[in-house]
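Here is the structure we will look at.
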Amino acid sequence: MLGFPCFVWLLAVTFSLVPRAQHLPPQDFDEEEEDEKPRLSDVLCDYDHCRHLQVPCKELQRAGLTACLCPGLSSPAEPPAPPRLGEVHVVAEDGSAVVHWCAPSSPVHEYWLLLWEGSGAPQKSPAFNSTVRRAELKGLKPGGAYVICVVAANAAGISSVPWANDAGPEGADMPPFGPCGRVAVPPRPRSLVHAAVGVGTALALLSCGALVWHFCLRQRCGCPRRARRATPPAAGL
Ligand SMILES: *[C@@H]1O[C@H](CO)[C@@H](O)[C@H](O)[C@H]1NC(C)=O
């Protein structure tokens, strides 16, 4: 007879499960929470690839008390992808420009800027460390037109610019969100003042000329009238 042992076994199983079942839901809950704590896989690190003096995300992870996620990076065995040139703020008065950029999704050791004035070889800025996202260029000429590129470098090489190194940027395509951009420096405000003074002087001379011309004409036309008006008292005398 198999029925009876089976029944007893079923009873035993049921009774042993009931107390456990009462505890199960909270147990399950605790276990899930404990499981999630070490993972914390959905918290992003406080990392902004455009922020000036941004500590590399890997270092944030190392220094952080809680785990966080970093954006994926390309292999350190490859040269970095090009950074993205951001806002370029030109100060015409002192011939300078503040250049902003954003880091690529690659390991970067340092950055530098290249500056072309027309064709020919570019000027190269000093290198900036990997936290830097902003630099000042000096010595720009008023009224000048320039091309600026940001270059990132790591142990494997340097990021590319949109044209071959010996061909200048002249006529080259400069896609938005790329590492390069054109910058026009407005003419010096002082020369604008000169221009304004020049225009003002010209206007003043013109009005003087008009006045002189007007009075000459009036004198020529008015002389006989004045002479006629002057004659009656003379005649009366
Ligand atoms: C990177 O350069 C900036 C600006 O020159 C400087 O303030 C910062 O301390 C440097 N950081 C490192 C890690 O060298």
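Throughout, read-outs are computed from the coordinates displayed, never taken from laboratory work. Computed from a prediction, not measured in an experiment: that's the story for all the values here. Here Cβ is always computed from backbone atoms with ideal geometry, including for glycine, and neighbour counts include all displayed protein chains.
For the stretch 76-94 versus the stretch 121-153, the inter-centroid distance based on Cα atoms is 8 Å.
Calculate, in nm to one decimal, what GLU93 and VAL212 gain on full extension: separation in residues at 0.36 nm each, minus their alpha carbon distance.
Values: separation 119, 0.36 × 119 = 42.84 nm, distance 4.07 nm.
Roughly 38.8 nm would be gained on extension.
Exposure proxy shown here: for VAL185, VAL108, the number of other Cβ atoms within 10 Å sets the order, fewest to most, as VAL185, VAL108. Here's how it looks for VAL91: its modeled amide H is under 5 Å from those of SER96, ALA97, VAL98, which are all 5 or more places away or on a different chain.
By the gyration tensor of its Cα atoms, with a ≥ b ≥ c the square roots of the eigenvalues, what is the shape of the stretch 84-184: rounded for a/c under 1.5, prolate for a/b over b/c, or oblate? Mind dumping the intermediate values first?
Numbers: a/c = 1.78, a/b = 1.28, b/c = 1.39.
Oblate, since a/c reaches 1.5 and b/c is not below a/b.
Neighbour counts of other Cβ atoms within 10 Å put ILE148, ILE158 in the fewest-to-most order ILE158, ILE148.
Less than 5 angstrom separates the built amide H of GLY144 from those of VAL185, all sequence-distant by 5 or more or on a different chain.
Give, in nm to one decimal, the length gained when the segment between SER119 and PHE177 is fully stretched (0.36 nm per residue of separation minus the Cα-Cα distance).
Details: separation 58, 0.36 × 58 = 20.88 nm, distance 2.27 nm.
That pair, SER119 and PHE177, stretches by 18.6 nm at full extension.
Close amide-amide hydrogen proximity is noted between GLY86 and HIS100, TRP101, CYS102, each under 5 Å apart and 5 or more residues distant or on a separate chain (H modeled in the peptide plane; Pro and chain starts excluded).
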